[in-house]
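Worksheet: one structure, shown below.
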Amino acid sequence: MIELKTSLKKNILETLKKKYPLESSELEIGYSPQQKFGDLALAFPFQLAKKLKRQPRELALEIIPLLSSIQGIEKIEAAGAGYINLFLDRKKFFSSQLHTLEQTELSPEEEKIIIEHTNINPNKAAHIGHIRNACLGDTLARCQRYKGENVEVQNYIDDTGVQVADVVFGFMDLEKMSLAQIKEIKDKFDYYCWDLYARVSSYFESHPQAEKRRSEILKKIEERINPEHEIAFYISRQVIKAHLQTMHRIGVTYDMLPCESTILHLKFWDKAFSLLKEKKSIFYVKDGINKGCWVMELEDEAEKEKIIVRSDGTVTYVGKDIAYQLWKFGLLEKDFYYEPFIEEDGKTIWISTDASKHKAPVFGKGSEVYNVIDSRQAYLQKVVVQGLKSLKYLAQAEKSIHFAYEMVGLSPKSLKELDLSISEEDKDKDFLEVSGRKGFGVKADDLLDRLESKALAEVGKRNPELPADLKKETTHKIAVGALRYFMLKFARNSLIVFDFEEALNFEGETGPYLQYTLVRINSIFRKLKEREGFDEKDLQALLSSKKIPLELLPEKELSDFWDVVFYSSQFEEEVLHSIRSLEFSYLAKYSFNLSQKFNAYYHLYSILAEKNKDIKNIRILTIYTIKEVLQRALSLMGIPQPELM
């Protein structure tokens, strides 16, 4: 469809340029509201009418004969007050679509795109809110790669933050454990830390005097003084490994893990601080409420200044974020050292270090950067962009994109499903917020385990004779599909209230429904092979055949055929739309609609029982088109494709 629209636009402009003052920007090709009105719609007569001081419909009627020779158009009509509707040559369009199914019409626009997502504090297990971040970031990366972009995925590790210090405090001061004793813990380490972190948070509330010890631990971690530093290092690395394993379960992976400890140790901030002072992007405050601080002036009505360095000399989070953002764009003139951290499916995930002899890929130096961070961080992200602007890096500021999203809540029914108790005051709430500090929420692995358990029951009911290993593989794919689709189907600025029954339903707008549709299509091809010997060679012969006798189809079937085929041709436009708007709910909705269209089509038009060979072949090609598009859509959303359901 993208290729067709580009070609049509070029031909229309070429045809009309000598007679009409039509600009390329004025020629948008949209879709007709209903199939009976045509396939594509042109509204440019309205713009022309203003320039020429004429009636739009009069212009449309005058222009239509001039466009009649354009290839691929069967009929042109005027509509309404001045629209021009185009009816495509269906046979030619379908043939062209079949011949380009293995290709992509998309092309890269950037030298390198960096996507930072997940970013879980390495002090406890991942929870359901982190899953939404990872699903959104991973889907963006998949779509950008499909578009042809060079994509690097980073997962920032705040291994010197106060949250890690809190867990160190818990082990050293509450549990009186040494590093050797910590290493002997046999339980799931990230779960152990989850509970310990909640205990520490509660302890600080009742023992405010302990805050001094927390600050001392934090300082020792930053300055690499043992045993605090080595305990923090061990905790963070063990929890990172647990996080990676959790994310790997849902098909999410990374290229590089930049650590805050190395940003500090390699003095990234010192370099950024020098740049900010040199360019007068920040200034020292000599009196007033911010006395002794280095601050940045903001383009904000509510807050005119933002502290970058506190009066005690410590840098704020936003200061470190500015340094990191400068590095991402290759503007810092400094780099990390790297070493392999973990191998996943034959791929190395690298982690930043202070010194290393390993030869690593080139990281950073992006031309466009996406930071996938929840909407509560919108203000700080604006300050980071303001920092780039103040340094006169205007192009990079423009290419710094905050991919914001809303939080995930839990329905009371979901909490009951997971055997989590809630207080009397919370029982009547529509949803409850996750709080790692309070230890309240659903750990990501528990959520996946429960989804797999429920999926296993459904698969067992539908396929009781299935071998145990295939049953396990299938239930895992269904659980991941349910979870990932649920995280994508809502607009990113919508709060999600997670519900097991809604996510796992095999009917309705769910991941399992999409998977079921694909399984159903594959089943048709499997039966064609079993009953008729129809194989890949026969399919290729059909795809390359010029004989597509659409005239044999009854009027109703021709209309339904065209509805499905024309909609499937819009897939890559939907991918681009989703990328540009950062709304992957569009891709999710498109995939659901396509699945619905297939199921409605197949309900009316049998393939296996059809006696007319030509009509049967048209139907085979139609569902093959849907299959190819749906497979790509599921792959971009990270939804696995099971063999059966």
### Message
Just to verify a result, which residue in the range 345-356, among those that are part of a strand (DSSP E or B) and under 20 Å from residue 252 (Cα atoms), is farthest from the chain's Cα centre (by Cα)?
### Response
352
### Query
Counting just the residues of the range 627-645 that are assigned to a loop (DSSP other than H, G, I, E, B) and in contact with a Phe, Trp or Tyr (Cβ under 7 Å, 6 or more places away or on another chain), which one comes out surrounded by the fewest Cβ atoms within 10 Å (Cβ to Cβ)?
645
### Task
Scan the range 603-612 residue by residue and report those that are open to solvent by less than 50 Å² (accessible area, probe 1.4 Å) and touching a residue at least 60 places away in the same chain (Cβ under 8 Å).
607, 608
### Odd one out for residue 408, checked against (1) closer than 30 Å to residue 297 by Cβ; (2) under 19 Å from the mean Cα position of the chain (by Cα)
(1)
### Summary
So the strands (runs of 3 or more DSSP E) completely within the range 269-323 holding 2 or more residues that are of a type outside the set (Ser, Thr, Tyr) and open to solvent by 20 Å² or more (accessible area, probe 1.4 Å) are 294-297, 305-309
### Query
Quick one: would you say residue 76 is of a type in the set (Val, Ile, Thr), at pLDDT 95 or above and in contact with a Ser or Thr (Cβ under 7 Å, 6 or more places away or on another chain)?
yes
### Message
Which pairs turn up if I take residues in the range 38-49 that are open to solvent by 10 Å² or more (accessible area, probe 1.4 Å) and look for partners that are assigned to a strand (DSSP E or B) and hydroxyl-bearing (Ser, Thr, Tyr) with beta carbon separation below 8 Å, at least 6 apart in sequence or on another chain?
### Response
41/31; 41/83; 43/83
### Query
(1) in contact with a helix residue (DSSP H, G or I) (Cβ under 9 Å, 6 or more places away or on another chain); (2) modelled with pLDDT of 95 or more: which one isn't true of residue 343, the others all being true?
(1)
### Task
Take the range 458-478 and flag every residue that is out of contact with any helix residue (DSSP H, G or I) (no Cβ under 9 Å at 6 or more places or on another chain), at pLDDT below 90 and among the charged types (D, E, K, R).
461, 462, 465
### Message
Just checking, does the range 543-559 include any residue being modelled with pLDDT of 95 or more, assigned to a helix (DSSP H, G or I) and surrounded by 19 or more Cβ atoms within 10 Å (Cβ to Cβ)?
### Response
no
### Task
Might you check whether a residue that is in contact (Cβ under 8 Å) with a residue 40 or more places away in the chain, of a type outside the set (Ser, Thr, Tyr) and open to solvent by 60 Å² or more (accessible area, probe 1.4 Å) occurs anywhere in the range 580-590?
yes
### Lone qualifier among 118, 139, 100, 104 - being open to solvent by 30 Å² or more (accessible area, probe 1.4 Å), among the β-branched types (Val, Ile, Thr) and closer than 30 Å to residue 362 by Cβ
104
### Task
Scan the range 205-220 and give yes if some residue there is crowded, with 22+ Cβ neighbours inside 10 Å and touching a residue at least 24 places away in the same chain (Cβ under 8 Å), otherwise no.
yes
## Note on the structure
Among 313, 288, the single one that is farther than 27 Å from residue 258 by Cα, at pLDDT below 95, out of contact with any Gly (no Cβ under 7 Å at 6 or more places or on another chain) and of a type in the set (Gly, Ala, Ser) is 288
### Task
Can you tell me which residue among 458, 530, 507 is assigned to a loop (DSSP other than H, G, I, E, B), more than 22 Å from the chain's Cα centre (by Cα), without any contact (Cβ under 8 Å) to a residue 60 or more places away in the chain and over 26 Å from residue 137 (Cα atoms)?
507
### Query
Among the residues of the range 170-180, is there at least one that is in contact with a Ser or Thr (Cβ under 6 Å, 6 or more places away or on another chain) and open to solvent by less than 50 Å² (accessible area, probe 1.4 Å)?
no
#### Entry: Subset of the range 390-408 (residues that are at pLDDT 95 or above, in a helix (DSSP H, G or I) and of a type outside the set (A, V, I, L, M, F, W, C))
396, 398
### Task
Test residue 290 against the stated conditions and say whether it is over 18 Å from residue 121 (Cβ atoms) and either touching a residue at least 12 places away in the same chain (Cβ under 8 Å) or touching a Leu at 6+ places or on another chain (Cβ under 6 Å) (or both).
yes
### Task
Mind listing just one residue for me: the one in the range 332-344 that is open to solvent by less than 30 Å² (accessible area, probe 1.4 Å) and assigned to a loop (DSSP other than H, G, I, E, B) and, of those, farthest from residue 389 (Cα to Cα)?
336
### Message
Being outside any loop (DSSP other than H, G, I, E, B), closer than 17 Å to residue 397 by Cβ and open to solvent by 40 Å² or more (accessible area, probe 1.4 Å) narrows it down to one residue among 379, 370; which is it?
### Response
379
### Query
Looking at the range 226-246, is at least one residue surrounded by 16 or more Cβ atoms within 10 Å (Cβ to Cβ), part of a loop (DSSP other than H, G, I, E, B) and out of contact with any His (no Cβ under 7 Å at 6 or more places or on another chain)?
no
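The values are calculated or read from the model by the stated rules, or taken from the named source; none is laboratory data. From a predicted model like this one, the values you see are computed outputs, not experimental measurements. Every residue, glycine as well, gets a Cβ built from its backbone with ideal geometry; the counts of neighbours run over all protein chains shown. With ligands, DNA and RNA removed, areas are computed over all heavy atoms of the protein, side chains included. Shrake-Rupley method; radii C 1.70, N 1.55, O 1.52, S 1.80 Å.
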